[in-house]
Ligand code: PHE
């Protein structure tokens with residue numbers, strides 16, 4: 001889901017059992033083909049055909065797609081950064097986890113959360129997977145990688161860069177969760193000597209130094225009311241490798257930069273709402289809260305308030321120094337952020353169902369044009385078809401909900417709109433647990449027939465018995 005790989009998420013999930021994972025329908029025995037390359041499979045392989053289908057869609061490269069429009073708006077807010085948007089989603093566990101300091105038992109690594117191609121290879125779960133790789137490419141002047149930047153001359157050594165890309169996480173199914181989504185990573189580094197100079201010239205004031213280093217114009221906008229009550233301290237500490245004023249400088253510079261970007265983008269959305277006759281009601285409040293990530297400290301999350309709810313749109317923080325050291329630049333320090341595009345796009349364009357991003361229905365695609373945020377007009381939805389499935393959990397071994405989610409997606413593709421637990425009870429005598437899940441099927445572009453959904457539901461029930469070891473009731 002869009003919830004980022006924060007420690008809180010990890011803690012929440014640490015208690016969950018780890019199931020064997022949905023087995024593959026398997027292309028060739030023991031090999032899996034992804035984007036033209038083949039990989040050996042093993043006991044870790046849990047990437048389904050339904051997911052592989054998404055890896056080649058290239059939504060960020062369709063200029064009129066809302067996600068690409070948002071990506072372009074963000075890129076435009078960062079003219080001095082190198083822009084990457086064509087890095088392939090297959091990465092190593094080293095890139096995705098180890099290079100960022102994930103502990104060996106970090107829950108984000110679990111098979112229940114990540115799509116593995118094999119033990120060492122996976123579909124990236126976040127764009128942070130490219131942090132070390134791109135910094136090292138800059139330090140080494142690795143021409144082949146640097147050439148992938150669309151505007152390489154802006155930051156020829158990747159001192160500052162953005163990466164927009166598709167990312168993948170095993171998750172539940174509903175209108176705001178989808179196992180494939182998009183992020184934009186931002187990384188900004190400074191020579192430590194440059195920060196010392198800026199601080200000296202600002203008489204030691206980190207905020208004044210950050211303002212001086214920030215070439216952008218302060219956004220005087222009513223589009224967002226910003227609030228920040230976070231404090232750097234024991235719970236969200238400065239790294240021992242950093243001087244306090246250095247870390248505070250980085251944090252201030254990062255927050256200024258991100259506030260300006262978000263305010264700039266939200267202002268466009270407020271304009272769109274005015275045009276469409278809706279009342280923007282004071283814009284979108286934005287707030288900063290403390291967070292934790294293995295690869296930043298201190299760390300924060302940025303949230304936007306939408307229809308009374310705070311939505312997390314971004315994780316960020318001061319980069320762990322070992323990443324810069326490993327990249328071959330111990331004399332630099334930096335900050336990083338990771339923005340989720342779908343949530344922001346849903347809010348900006350008024351798109352209520354995350355599956356729509358993957359729809360090729362012209363009634364969706366024809367509503368958008370490059371560079372423009374406009375409010376999506378919902379076209380009439382086709383009727384849903386709902387089926388329940390009740391079963392006893394396996395007597396031995398684990399059952400993990402995400403295995404059921406992938407199994408339903410495999411059988412139904414994008415016809416599945418939601419899967420949710422509606423009932424659970426423990427038999428008083430046998431102690432066995434019975435659960436009932438409700439599956440909502442609906443097509444984005446036609447009315448589904450009861451017969452076709454029955455056939456899909458039969459396949460789901462069948463695979464549940466074969467692959468998840470449950471006993472149907
Ligand atoms: N990669 C993190 C996530 O997806 C977000 C993040 C990026 C946090 C960069 C800090 C710095 O959860």
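The values are calculated or read from the model by the stated rules, or taken from the named source; none is laboratory data. This structure is a prediction, so every number in the text was calculated from the model and none was measured. As a convention, Cβ positions derive from the backbone with ideal geometry for all residues, glycine included, and neighbour counts pool all protein chains shown.
Quick notes on this one:
- The strands (runs of 3 or more DSSP E) found wholly in region 294-384 and carrying at least 1 residues that are free of Cβ contacts under 8 Å to residues at least 40 places away in the same chain and away from the ligand (no atom under 16 Å from the Cβ) occupy 296-306, 309-319.
- Hey, residue 161 over 29 Å from residue 113 (Cβ atoms) and in contact with a strand residue (DSSP E or B) (Cβ under 8 Å, 6 or more places away or on another chain) or not: no
- Count of residues meeting criterion [under 23 Å from the mean Cα position of the chain (by Cα) and loosely packed, with under 11 Cβ neighbours inside 10 Å] in region 364-380: 0
- Conditions (1) in a helix (DSSP H, G or I); (2) in contact with a strand residue (DSSP E or B) (Cβ under 9 Å, 6 or more places away or on another chain); (3) modelled with pLDDT of 95 or more: number failed by residue 94: (2)
- Scanning region 87-95 turns up at least one residue that is within 23 Å of residue 151 (Cα to Cα), under 19 Å from the mean Cα position of the chain (by Cα) and away from the ligand (no atom under 16 Å from the Cβ).
- Exclusive hit being at pLDDT below 90 and out of contact with any strand residue (DSSP E or B) (no Cβ under 6 Å at 6 or more places or on another chain), set 445, 451: 445
- With respect to (1) surrounded by fewer than 20 Cβ atoms within 10 Å (Cβ to Cβ); (2) within 16 Å of the ligand (Cβ to nearest atom), the lone exception for residue 396 is condition (2).
- Against the conditions (1) away from the ligand (no atom under 15 Å from the Cβ); (2) crowded, with 19+ Cβ neighbours inside 10 Å; (3) part of a helix (DSSP H, G or I), residue 111 satisfies every one except (3).
- Subset of region 406-429 (residues that are touching a strand residue (DSSP E or B) at 6+ places or on another chain (Cβ under 9 Å) and without any contact (Cβ under 8 Å) to a residue 12 or more places away in the chain): 425, 426, 427
- Restricted to region 126-160, and to residues there that are in a loop (DSSP other than H, G, I, E, B) and within 16 Å of the ligand (Cβ to nearest atom), the residue that is farthest from residue 293 (Cα to Cα) is 158.
- Of all residues in region 114-125, those satisfying the criterion of being part of a loop (DSSP other than H, G, I, E, B) and away from the ligand (no atom under 14 Å from the Cβ) are 115, 119, 120.
- Hey, residue 36 exposed (fewer than 15 other Cβ atoms within 10 Å of the Cβ), modelled with pLDDT of 95 or more and out of contact with any strand residue (DSSP E or B) (no Cβ under 8 Å at 6 or more places or on another chain) or not: no
- Which numbered condition residue 60 misses (of (1) part of a helix (DSSP H, G or I); (2) in contact (Cβ under 8 Å) with a residue 40 or more places away in the chain; (3) more than 17 Å from the chain's Cα centre (by Cα)): (3)
- When 322, 306, 364 are checked against the criterion of being at pLDDT below 95 and in the same structural domain as residue 242 (by TED's automatic domain parsing), a single residue qualifies: 306.
- Summed over region 405-453, residues that are in a helix (DSSP H, G or I) and loosely packed, with under 12 Cβ neighbours inside 10 Å total 2.
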